[in-house]
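J.: The structure's right below; bear with me while I get my questions together.
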Amino acid sequence: MANWVLGLTGGIGSGKSAISAMFEEFGIQVVDADIVAREVVEPGSLGLKKITEHFGGEILTSNGTLDRAKLRAIIFADESQKQWLNSLLHPLIRETMLSQLKLATSHYVILVAPLLFENGLEKYCNHTLLIDVPVDVQITRTTARDNVSDELAKQIIASQMSRADKKQKAGDILDNNRPLEEVKADVQELHKKYRMHSH
């Protein structure tokens, strides 16, 4: 891959979007795994066509988009359907991400992925940055933003790689449990560093 890629990750509620937006202010392009995952099942996409062929037309809402709640219910109840869906979507998501990373024209490009290490995506990155906050902060932010219970937030956090393991794997760690000005100053320093690396 021609472009120098920074993998940016962090648990739920760690503030990945806020930090990636700061890098975007420096003109750095961002490829977001969560957005790509939605793009590959948009109306007219190959992904949606295959899903409709497999599950039938009732998997669509009245306006032709994917009925996510219905799909979730099916794969939640049936492991083999879940595996079928993953084997369809994971390669599509990976190919789309890689082509977007390749097409980026900024000094370097950022791949934002909550499960960067869990899904082995760091192998596509030259360097990784972990956005780190204490677990209690993750829970507070997640319950406030996503309107989920403490219990569910804890379950989501438990399903992700532990904070200690992530810290060991990450190239850089950004503490996002501090005043915004301090975080911004650090992002600026990191940006300078990555620009130098990427030349």
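The values are calculated or read from the model by the stated rules, or taken from the named source; none is laboratory data. Quantities reported herein were computed from a predicted structural model and do not represent experimental measurements. In this analysis, Cβ positions are derived from the backbone assuming ideal geometry, glycine residues included, and neighbour counts consider all displayed protein chains. We work out accessible area using only protein heavy atoms, side chains counted, and drop any ligands, DNA or RNA first. Shrake-Rupley method; radii C 1.70, N 1.55, O 1.52, S 1.80 Å.
J.: If a/c stays under 1.5 just call it rounded; otherwise compare a/b with b/c (prolate if a/b is bigger, oblate if not). Do that for the stretch 1-155, with a ≥ b ≥ c from the square roots of the Cα gyration tensor eigenvalues. Before the final figure, lay out each step's value.
T.: On the way: a/c = 2.02, a/b = 1.26, b/c = 1.61.
Because a/c hits 1.5 or more and a/b fails to exceed b/c, the stretch 1-155 counts as oblate.
J.: Next question, about the same structure. Provide the solvent-accessible area of residue 24, counting protein heavy atoms only and rolling a 1.4 Å probe, rounded to the nearest 10 Å².
T.: Taking all protein chains as shown, residue 24 has close to 100 Å².
J.: Determine the gain in length on full extension of the stretch residue 197-residue 86; use 0.36 nm per residue of separation and subtract their C-alpha separation, reporting nm with one decimal.
T.: On the way: separation 111, 0.36 × 111 = 39.96 nm, distance 3.47 nm.
My answer for the length gained is 36.5 nm.
J.: Ok, one more. Taking amide H positions as placed in the peptide plane 1.01 Å from N, state which residues far from residue 131 in sequence (5 or more) or on other chains have amide H under 5 Å from it.
T.: 9, 10, 174
J.: Using θ = phi - 60° and the Karplus relation 6.51 cos²θ - 1.76 cosθ + 1.60, list the HN-Hα couplings for the stretch 26-33 in order, rounded to whole Hz, with x at every Gly or Pro.
T.: Once rounded to whole Hz, the list reads 8, x, 8, 7, 10, 10, 10, 4.
J.: Something else about it: Percent relative contact order of the stretch 40-176, based on C-alpha pairs within less than 8 angstrom and at least six residues apart? Mind showing how you got there, number by number?
T.: Values: 85 pairs, mean separation 26.3, N = 137.
Across the stretch 40-176, relative contact order equals 19 percent.
J.: Given the chain, what percent of its DSSP beta bridges are antiparallel, to the nearest 5? List each step's numbers first, then the result.
T.: Working: 1 of 17 bridges.
Beta bridges within the chain, antiparallel portion: roughly 5 percent.
J.: Once amide H atoms are built 1.01 Å from N in the peptide plane, which residues 5 or more positions from residue 106, or in another chain, come under 5 Å H to H?
T.: 29
J.: While we're looking at this one, here's another question. Report the FRET efficiency, 1/(1 + (r/R0)^6), for residue 46 and residue 175, where r is their Cβ-Cβ distance and R0 is 41 Å, rounded to 0.05. Walk me through the intermediate numbers first.
T.: Details: r = 41 Å, r/R0 = 1.00.
Computed FRET efficiency for residue 46 and residue 175: 0.50.
J.: While we're here: Tell me the label-point distance for the pair residue 17, residue 72, using the 7 Å Cα-to-Cβ offset, in nm and rounded to one decimal.
T.: 1.6
J.: What number of lysine-lysine pairs in the stretch 1-160 show an alpha-carbon separation below 26 angstrom, given a sequence spacing of 8 or more or placement on distinct chains?
T.: For the stretch 1-160, qualifying lysine pairs total 14.
J.: Using only helices, what value at 222 nm comes out for the chain when you add -39,500 (n - 2.57) per DSSP H run of length 4 or more and divide by the total residues, to the nearest 500 deg cm²/dmol?
T.: On the way: 9 runs with 109 residues, N = 199.
So the helix-based figure for the chain works out to -17000 deg cm²/dmol.
J.: Cα gyration tensor of the stretch 117-199, axes a ≥ b ≥ c as square roots of the eigenvalues: rounded (a/c below 1.5), prolate (a/b > b/c) or oblate? Could the numbers behind the result be given before it?
T.: Numbers: a/c = 2.73, a/b = 1.47, b/c = 1.85.
Oblate, since a/c reaches 1.5 and b/c is not below a/b.
J.: I need the helices of the chain that pass two filters: whole DSSP H segments spanning 24 Å or more by Cα along the axis, and mean Kyte-Doolittle score no lower than -0.5.
T.: Working: long enough: 79-103 (35 Å, -0.36); 180-197 (25 Å, -1.21).
Span-like helices in the chain: 79-103.
J.: To continue, here is another question. Per residue, how much accessible area does the stretch 88-199 have with a 1.4 Å probe, in Å²?
T.: Working: 6250 Å² over 112 residues.
Dividing the accessible area of the stretch 88-199 by its residue count gives 56 Å².
J.: Taking the Cα centre of each part, how many Å lie between the stretch 67-143 and the stretch 7-58?
T.: If we compute the Cα centre of each part, the gap is 8 Å.
J.: Give, in nm to one decimal, the length gained when the segment between residue 123 and residue 35 is fully stretched (0.36 nm per residue of separation minus the Cα-Cα distance). Please list the in-between numbers first.
T.: Numbers: separation 88, 0.36 × 88 = 31.68 nm, distance 1.99 nm.
Extra length from residue 123 to residue 35 when fully extended: 29.7 nm.
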